[in-house]
1. Over segment 133-225, calculate the relative contact order: mean separation of alpha carbon pairs under 8 Å at least 6 apart, over the residue count, as a percent.
2. Please list, in chain and number order, the residues 5+ apart from Val285 or on another chain whose amide H is under 5 Å from its amide H, with Hs placed from the backbone.
3. Determine the relative contact order of segment 1-95: mean sequence separation of Cα pairs under 8 Å and six or more apart, normalised by residue count, in whole percent.
4. What's the tally of Lys pairs in the chain whose alpha-carbon atoms lie under 23 angstrom apart, where the two lysines are 8 or more places apart or on different chains?
5. Dividing the alpha-carbon radius of gyration of the chain by 2.2 N^0.38 Å (N being the number of residues), what value is obtained?
6. Only Cα pairs under 8 Å and at least 6 apart count here; give the relative contact order of the chain as a rounded whole percent.
7. Would you pull out the residues with amide H under 5 Å of Thr138's amide H, same chain only if 5 or more places away, H placed 1.01 Å from N?
8. Rounded if a/c is under 1.5, else prolate if a/b is larger than b/c, else oblate: which is segment 186-317, with a ≥ b ≥ c the root eigenvalues of its Cα gyration tensor?
Amino acid sequence: MPQIRLREVFMRHPQNPLITCEDLPYEANSVFNAGAALVDGETFLLLRVEDRRGISHLTLARSSDGASHWRFDQAPTLKPDPESHPEEAWGIEDPRITYIEEEGRWLIAYTAYSEYGPLVSLASTTDFRAFERHGPITAPEDKDGALFPVRFGGRWALIHRPVTALPILGGHMWLSFSPDLKHWGDQQILLRARRGAWWDANKIGLSPPPLQTERGWLIMYHGVKHTVAGAIYRLGLALLDLHDPSRVLQRSDEWVFAPTERYERAGDVADVVFPCGWVLEGNEVRMYYGAADTCVALATAHLPDLLDWLDTHHERT
């Protein structure tokens, strides 16, 4: 099988960055890390917006083609509610949107930033106008949570990334199960951060929600490499068994996407590409990512190319 070059897998949109603070209808410091969904033929982005205090909220943007003519809610769509939800005292961040067909609603796993550390919380909506908060589903410190859209053996599944106070132990991706989306257990490590000089050594986390394919669940994850100049966030791929998501079929040895452009390498946090959402239309995957914690950008790929790339670049044991 011919090797697919890195630059040919994901193609950056020529109008990148797609969304910056100047596009918003109100003042803010930065906009990034958007969850994504297809709703009635339109692309919805639930943007993480950081205000000029440093507190994040979520604002909805809509586009008919998923790339241009974005229409924004005129005020924050979902704001922190520390009175009723003290776990949101320092903001709400990084939404991952999953459509649950059997319930006819979207579930949004997001990071609630409490005074005692970040944790994963859950909200739901049927129209992206009214939202019901369901509260925390993990304890601090935990991030990068997203749900699968189907049950496995009658249970829901969540990928998330708890960390410990001991950096030497690293940050790994875990899998948990629930009968009711409230009580979670049967926790197990899904993917371990590598050690040493690898691009994904010591700290990894899920990026967009799992994407169902005929061959299995395609997941994209970020790896954080710490260098003398700071951290670099890059992206890799893995494939999970369609019926048993705890079974990893393939994991990329190389990164598939990395910060190379000016808007990805310079910003509030340099050298970061961080997608929280992707959508699939036909065979086209549209990946929406935060660039340098400052703006939202778009890169596209064809699903068969991603699977072929993973066949060529997966870890061999």
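1. Computed value for segment 133-225: 23 percent relative contact order.
2. Amide H to amide H, under 5 Å and 5 or more residues apart or across chains, Val285 pairs with Ala301, His302, Leu303.
3. Relative contact order, segment 1-95: 22 percent.
4. The result is 6.
5. 0.92
6. Over the chain, the number comes to 16 percent.
7. Hits under the 5 Å cutoff: Val120.
8. oblate
Here, each number is a calculation from the coordinates, and none is a lab measurement. Note that this is a predicted model, so its numbers are computed, not measured. Counting neighbours? That spans all protein chains shown, and the Cβs are built from the backbone with ideal geometry, glycine included.
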